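Reading through the structure tokens given below for one structure.
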Amino acid sequence: MNTSMNTMAKFIFWSRWLQAPLYLGLIVVLAYYVYEFAVGLIHLIATAHDMTETATMLQALNLIDMVMIANLLIMVIVGGYEIFVSRLNIRAHPDHPEWLDEVNAGTMKVKLALALVTISSVHLLSTFIDPAKKESATVMWQVIIHLTLVISAIAIALTNKLIITSRQRAFPLKHDTGNG
């Protein structure tokens, strides 16, 4: 019985590798965003002399939006793989991202929520730059969705903070002074 339990535990632990193709798929999505960014940048450069200031701003915001989504993808790909699949073993690499040292499931949720709020902010800003192109109901729903994302991000951050605080109280470190 002990051998079968051990085999089952190993199989369950191995199953985390089933997520690896999902992260590879997100890398394909990232490559698509790089392509779309290049097309948008070339379009901006090629038509810059014919564009109004508003059109230039909207195109720039579109490019910023693509970068923000690419950043979100990197966080999910690198952070998710590190948390749920396997260590990347890149700590000694000179380009090791600093944020990766602090990544766990809780901080990942907070970082993702804040990234979504930022992306939503860029979309909302582009709506406010040229509101005549949007119906009032569309603008209203964009604001409502943005506020919902903001409230959700705050709730996720507060929940994560409460979890960290309760863990620190339950398992205090010997060198912990009790401050903060």
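First compute the accessible area of the range 1-77 with a 1.4 Å probe, then give the percent of it belonging to carbon and sulfur atoms. Provide the component values of the computation, followed by the final result.
Numbers: 4080 of 5420 Å².
Roughly 75 percent of what the probe reaches on the range 1-77 is carbon or sulfur.
Which sequence of D101, D130 reflects their accessible areas, 1.4 Å probe, from the largest down?
Final ranking, largest accessible area leading: D101, D130.
Please sort by residue number the GluC sites (Glu not before Pro) in the range 62-168 whose DSSP state is loop and whose Cβ has at most 15 other Cβ atoms within 10 Å.
Working: sites: E82, E98, E102, E135; in loops: E135.
The qualifying sites are E135.
Please compute the contact order of the chain in relative form: average sequence separation of alpha-carbon pairs under 8 Å and at least six residues apart, divided by the residue count, as a percent.
After rounding, I find 22 percent.
Is any residue of the range 72-103 close enough, with backbone N under 15 Å, to a label point placed 7 angstrom from the Cα of R16 along the Cα-Cβ axis, and if so, which?
Within reach of a label on R16, which here means backbone N under 15 Å from a point 7 Å along Cα→Cβ, the range 72-103 contributes 78-90, 103.
Indicate the gyration tensor shape class of the range 96-168 (rounded, prolate or oblate), computed on the Cα atoms with a ≥ b ≥ c the square roots of the eigenvalues: a/c under 1.5 is rounded; otherwise a/b larger than b/c is prolate and the rest oblate.
Oblate, since a/c reaches 1.5 and b/c is not below a/b.
Pick from L30, L100, L116 the residue whose mean-square fluctuation is largest in a GNM of the chain, springs joining Cα atoms under 10 Å.
Per the Cα network of the chain with a 10 Å cutoff, L100 tops the list.
Please enumerate, by chain and number, the aspartates and glutamates with C-alpha under 16 Å from the C-alpha of K109, excluding those fewer than 8 residues away in the same chain.
Within the straight-line cut-off, K109 pairs with E82, D101.
How do the peptides 38-50, 145-157 rank, highest first, by the average count of neighbouring beta carbon atoms within 10 Å per residue?
Per-residue mean Cβ counts within 10 Å order the peptides as 145-157, 38-50.
If you place +1 on the Cβ of every Lys and Arg, -1 on the Cβ of every Asp and Glu, and leave all else neutral, what size is the dipole of the range 1-141 about its Cα centre, to the nearest 20 Debye?
680 debye
With label points built 7 Å along Cα→Cβ from the Cα atoms of M5 and D50, find their separation and express it in nm.
Result: 7.3 nm between the two label points.
Taking Cα atoms, how many degrees apart are the long axis of helix 136-170 and the longest axis of the chain, rounded to 10 and kept between 0 and 90?
Roughly 20 degrees between the two axes.
The values are calculated or read from the model by the stated rules, or taken from the named source; none is laboratory data. Note that the structure is predicted; figures quoted are calculated from it, not measured. Cβ coordinates were reconstructed from backbone atoms using ideal geometry, including for glycine residues, and neighbour counts include every protein chain displayed. Accessible surface areas use protein heavy atoms only, side chains included; no ligands, DNA or RNA. Shrake-Rupley method; radii C 1.70, N 1.55, O 1.52, S 1.80 Å.
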